[in-house]
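What follows is calculated from the coordinates using simple rules that are stated; it is not laboratory data. This structure is a prediction, so every number in the text was calculated from the model and none was measured. Cβ coordinates were reconstructed from backbone atoms using ideal geometry, including for glycine residues, and neighbour counts include every protein chain displayed.
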Amino acid sequence: MQVTVKLFASFRTGREPIVSGQYPAGTTVADIVAQKEIPVSEIGIMLVNHRHVALDRVLVDGDVLAIFPLLGGG
Amino acid sequence: MSQLDAYLKANAVDGLVSLASQQDAARHFDVSFAKVEAAILKHGLCPARYQRNRQTVTCAGQLTLLGSTVAVIGCGGLGGYLIEELARLGVGTIVAIDPDVFEEHNLNRQLLSRVANLGMQKVAAAAQRVAEINPAVNLVPHCAAFGTANGRELLSGVTVAVDALDNRDVRLELAAVCREIGLPMVHGAIAGWYGQVATQLPGQDITPCLSAAGDGPKGVETKLGNPSFTPAVVASLQAAEVCKVLLSHEGTLSGRMLSCNLLEMEFEEIHL
């Protein structure tokens, strides 16, 4: 299945901002986070097709996953 | 018509009342500077300091701002700019909440910090600054850490709360207290080149955009730091949101979050 992964802010450092790739059925958001070597502790918002999701969300063909870092500063 | 009203009308030029006339009126009639300001605005006149606000903020709107109370929770990077902009805008009462004193590492970005006031309470510096720039504005300082236990008390009488905090856990507590008491909250957060802004109106819940996959209260700012311009941009977006909420304007970020990337100059809208 095809999934598009969009990374934002500091997650773009050393990574492509938008990549469409083929993934096996059953792939979760956590699997992609691990593949991209993104520290879970740095993750804030995760969206699939513009809706908030958790790490255990199972992706389906055509999904667009967006991952933003947690911004905590003031 | 009262003597004060007659004095103000007699001293208005092209609908504007000068700072000197406003000060004279306060002294002569033994009323506060803010009360003179309210009298000016009630007559459709404008304190001369706000003449460049006109068209953006009407006299009636300026009177609404004067009668408003905005709480700024956190008086560091975001909070310093917020207090400055809200005071210049003419928000009548600003409640400033922060437990900290200024330290050297604040000097790169925190507007209220100066070499001469290192060690000073941030809320005391805020009160000093506001008194210097707009005597119509009353800054109420609370040198305290915001939390669930004292939140309702600190936000008593407040019209809008502004999140200028520096960690997620207290943000979630602030958002929860605001939901419980039906208070609009304007959220802002920063890290490095990046920032985000969202507005939680009564009945709404922006928790999804404050949540994190990990457990820690801090975000990537611990790695990226915060330069001078990011808090200025994000605080200004928040101040514009506060102004619109106070004046019941359309077009707030209600239901949306704005994500700002100043490195690539990209602004992304996230629907909540």
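Per residue of B:192-202, how many C-beta atoms from partner chains lie within 10 Å of its own C-beta, taken as a mean?
The mean count of partner-chain Cβ atoms within 10 Å per residue comes to 2.
Could you pull out every one of the lysines with an alpha carbon less than 29 Å from that of B:Lys122, ignoring same-chain neighbours closer than 8 positions?
Correct list for B:Lys122: B:Lys35, B:Lys218, B:Lys223, B:Lys244.
For the stretch B:101-207, state which trypsin sites (Lys or Arg not before Pro) are in a DSSP loop and have at most 14 other beta carbons lying within 10 Å of their beta carbon.
Those that pass, being in a loop and sparsely packed, are B:Arg114.
Counting only other residues whose beta carbon sits under 15 Å from that of B:Cys260, what net charge do I get with K and R as +1, D and E as -1?
Overall, the nearby charge balance is -4.
Pick out the long, greasy-scoring helices in chain B: whole DSSP H runs spanning 15 Å or more along their own axis by Cα, mean Kyte-Doolittle at least 1.0.
Once both thresholds are applied, what remains is B:229-246.
So how strong a dipole does the stretch B:69-116 carry about its Cα centre when Lys and Arg Cβ are +1 and Asp and Glu Cβ are -1, to the nearest 20 debye?
Here the size comes out at about 160 debye.
Over all residues in B:259-266, what is the mean tally of Cβ atoms on other chains that come within 10 Å of each residue's Cβ?
Across the residues of B:259-266, the mean count of other-chain Cβ atoms within 10 Å is 3.
Roughly what percent of Cα-Cα pairs across the stretch A:2-69 reach past 19 Å? Intermediate values should be presented prior to the final figure.
Numbers: 449 of 2278 pairs.
So the pairs more than 19 Å apart make up 20 percent of the total in the stretch A:2-69.
Within straight cross-link reach of B:Lys42, meaning Cα distance under 19 Å, which aspartates and glutamates are found once same-chain residues fewer than 8 apart are removed?
B:Asp5, B:Asp14, B:Asp24, B:Asp30
Taking the beta-carbon count within 10 Å as an exposure proxy, list B:Cys178, B:Cys209 from fewest neighbours to most.
Exposure proxy ranking, most exposed first: B:Cys209, B:Cys178.
Each label point is 7 Å from the Cα along the Cα-to-Cβ direction; what then is the distance between the points at A:Asp31 and B:Ser18, in nm?
7.5 nm
Summing Lys, Arg as +1 and Asp, Glu as -1, what charge do residues with Cβ under 11 Å from the Cβ of B:Ser113 carry, B:Ser113 excluded? Please report the intermediate quantities before stating the final value.
Numbers: positive: B:Arg109, B:Arg114, B:Lys122, B:Arg129; negative: B:Asp100, B:Glu103, B:Glu104.
Summing Lys/Arg as +1 and Asp/Glu as -1 gives +1.
Arrange A:Thr4, B:Thr230 by Cβ neighbour counts within 10 Å, fewest through most, would you?
Values: A:Thr4 14, B:Thr230 26.
Placing the least packed residue first, the sequence is A:Thr4, B:Thr230.
So in chain A, what percent of DSSP beta bridges are antiparallel if you round to the nearest 5?
On the way: 12 of 16 bridges.
Counting only bridges with both partners in chain A, antiparallel ones make up about 75 percent.
Ignore the peptide's own chain and count Cβ atoms of other chains within 10 Å of each Cβ in A:5-12; give me the average, rounded.
5
Could you list which residues have their amide H under 5 Å from that of B:Ala213, counting only those 5 or more apart in sequence or on another chain, with H placed in the peptide plane?
A:Ile43, A:Gly44
Chain B: longest stretch without exposed GluC sites (Glu not before Pro) (DSSP loop, at most 13 other Cβ within 10 Å), sites themselves excluded?
B:104-249
Once the Cβ-Cβ distance between B:Glu153 and A:Ser20 is put in as r, and R0 is 45 Å, what FRET efficiency do you end up with, to the nearest 0.05?
Numbers: r = 52 Å, r/R0 = 1.15.
Plugging the Cβ-Cβ distance into 1/(1 + (r/R0)^6) gives 0.30.
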